[in-house]
Amino acid sequence: MKNVYIDLHCHPSLKPFGRSFDQKSTKKRNSPNRMRRNSIYHRKGVNPVSKKINNLLTLTKFTQSDLTSVYGGKGRILVISLYPMEKQMVHDTGDVKFIGRLFRNLATGIGIDRIRHIQKMTDYFEDLNNEYEFYKELDNKPVTVHGKKVRYKMVKSYQEIEQWKADGIPTIFMITSIEGCHVFNSGLVLAGRPKADEKEVLENIKIVKNWTFRPFFVGLAHHFDNELCGHEKSMGGLVDAIIKQKVDNSQGITSLGKKALSALLDNNKKNRILIDVKHMNVKSRYEYYEIVKSEYASKIPLIVSHGAVNGRNNPIDNNRVDTDFNDATINFYDDEIFRIARSQGIFGIQLDERRIAHKKVMGLLAGRNKSSKLIWKQIEHMAKYLNLLKMEAWNIQCLGTDFDGIIDPLPGFWAAKDLDKLPKFLVKHANDFLKSPEGKKLEPKNRLSAKEIVDKFMFGNARDFLKAHFR
């Protein structure tokens with residue numbers, strides 16, 4: 001089918017699972033009625049008011065990866081991210097108790113009752129299992145969307161997708177992942193647990209590795225200290241003013257973090273879970289790269305599920321190549337692009353304007369042509385650098401939208417329903433590049449057509465990666 005896509009990172013359940021807490025009768029239930037707010041198919045569309053709020057306050061109240069939008073935008077394979085929200089995201093400090101709760105509801109769209117639940121929660125792992133069961137409730141069950149039957153199917157391997165027998169009902173395939181290893185019950189200081197129980201953390205990892213739909217990969221870090229590794233600054237603006245995120249750039253992978261990595265990557269029972277390096281700080285990322293090299297003979301593919309380049313060479317030789325990029329260290333150095341490509345890894349480009357563009361560029365955005373140009377510049381930058389190294393230039397880039405992950409979306413590409421429009425704009429930008437002096441310098445093996453490049457980005461690269469590693 002034309003213009004179908006794979007998304008390496010999105011959060012279809014974050015808002016509906018949150019809104020299921022609004023009433024006792026719907027708590028933790030995934031409704032097949034797409035008009036209900038606790039349905040993964042429920043779409044809350046973008047309107048002029050919500051666009052204005054988003055532009056002014058970077059608050060995204062509308063849904064982005066609801067399955068009605070995903071189906072409309074021709075999404076066919078989603079790597080869904082399970083995310084039990086960290087307690088620090090909703091912690092009420094004395095100075096912002098009432099307004100803070102209202103603001104967090106605006107920022108996340110999960111509802112006041114869900115926020116209260118997280119504030120009282122003392123067990124991330126229980127919450128993880130509840131979200132997992134929320135997905136399983138409607139797995140492989142047809143739902144009516146705009147008068148037509150649609151369904152999603154959770155899968156255990158890419159082979160299952162290849163062998164799927166079509167029966168006339170459009171199917172969105174789902175692969176599980178986890179964002180943040182706090183889910184195994186670490187970083188619970190706000191629950192009165194100043195230190196994680198190593199035995200409990202490792203036992204919880206063992207349980208997840210034996211799930212029916214085992215996660216393909218997990219992110220070791222997320223927004224706050226989880227006693228496993230250092231994390232990057234990810235909050236900004238009004239959100240950070242309320243949440244007050246703290247980071248420690250000197251923190252690397254802890255002793256517990258190394259044991260967690262070993263447990264996740266262990267493949268004796270053919271149930272390895274790969275690692276997503278997004279949100280790890282620079283020190284922890286580079287320590288992980290060394291672990292992969294020294295302990296796994298560099299045979300583990302490196303994954304960035306949703307990210308952007310920062311336009312700098314590496315953490316030591318910090319020369320800036322392109323001032324249009326956001327050079328924050330949550331974004332990735334050219335040296336890391338090389339490492340990902342060498343490992344035959346994958347890089348999901350995040351559709352968050354705060355990540356993929358410098359502040360001076362963000363204010364100039366208006367419409368799909370300019371927004372898509374920012375996405376293209378990410379694809380192009382990686383390709384030019386890899387081509388310079390005489391490597392395959394177009395094999396690691398793919399979509400990792402982070403839709404519904406509390407992001408600031410690009411104008412014109414507000415939600416999944418808009419993604420079927422993206423390829424046409426990317427083809428235009430790709431053609432412009434290929435005709436440029438830089439484009440004409442590409443190595444022969446990298447001289448693909450614009451359509452081939454865009455097809456690889458939207459679908460082909462992620463498909464090939466899943467085929468090779470999701471088994």
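Read-outs: derived from the displayed coordinates by stated rules, not from any lab. Bear in mind that the values here come from a model prediction, so they are computed numbers and not experimental data. Please note: Cβ atoms are built from the backbone with ideal geometry, for glycine as well, and neighbour counts cover all protein chains shown.
Each stretch of four or more DSSP H residues adds -39500 (n - 2.57); spread over every residue of the chain, this sum gives -10500 deg cm²/dmol at 222 nm.
Here the Karplus curve 6.51 cos²θ - 1.76 cosθ + 1.60, taken at θ = phi - 60°, turns the phi angles of the stretch 7-21 into couplings of 10, 7, 7, 7, 10, x, 8, 4, 6, x, 4, x, 6, 5, 7 Hz, with x standing for Gly and Pro.
For Lys359, the aspartates and glutamates whose Cα comes closer than 15 Å to its Cα, not counting residues fewer than 8 places off in the same chain, are Asp322, Asp324, Asp327, Asp408.
For the chain, what is the convex hull (Cα atoms) projected area averaged across all directions, in square nanometres? Spelled out: convex hull of the Cα atoms, projected over all directions, averaged, 21.4 nm². Once backbone amide H atoms are built at 1.01 Å from N, Ile172 has Arg151, Tyr152, Lys153 as its partners under 5 Å, excluding neighbours fewer than 5 places away on the same chain.
Cross-link check: pairs Lys153/Lys467; Lys278/Lys456; Lys2/Lys165; Lys435/Lys456; Lys156/Lys293; Lys136/Lys165 evaluated at a Cα-Cα cut-off of 24 Å; pairs beyond the cut-off: Lys156/Lys293. The fewest-to-most ranking of His306, His11 by surrounding Cβ atoms within 10 Å reads His11, His306.
For Lys440 and Asp248, a Förster radius of 41 Å and the Cβ-Cβ distance give a FRET efficiency of 0.35, rounded to the nearest 0.05. List the residues of the stretch 181-206 whose backbone N lies under 13 Å from a point placed 7 Å from the Cα of Arg214 along the Cα-to-Cβ direction. Correct set: 205-206.
The packing ranking, built from the mean of other Cβ atoms within 10 Å per residue, places the peptides 273-282, 151-160, 328-337, 311-320 in the order 273-282, 328-337, 151-160, 311-320, highest first.
Peptide packing for 264-272, 233-241, 380-388 was compared via the average number of neighbouring C-beta atoms within 10 Å per residue; ordered from the highest value, the list is 380-388, 233-241, 264-272. Normalised by the number of residues in the stretch 113-241, the mean separation of alpha-carbon contacts (under 8 Å, six or more apart) gives a relative contact order of 21 percent. Using only side-chain charges placed at the Cβ, +1 for Lys and Arg and -1 for Asp and Glu, the dipole size of the stretch 5-469 relative to its Cα centre rounds to 1440 debye. Just to confirm my numbers, what's the Cα centroid distance between the stretch 6-42 and the stretch 363-407 in Å? First find each Cα centre; the distance between them is then 30 Å.
Neighbour counting of Cβ atoms within 10 Å sorts the residues Asp197, Asp127, fewest neighbours leading, into Asp197, Asp127.
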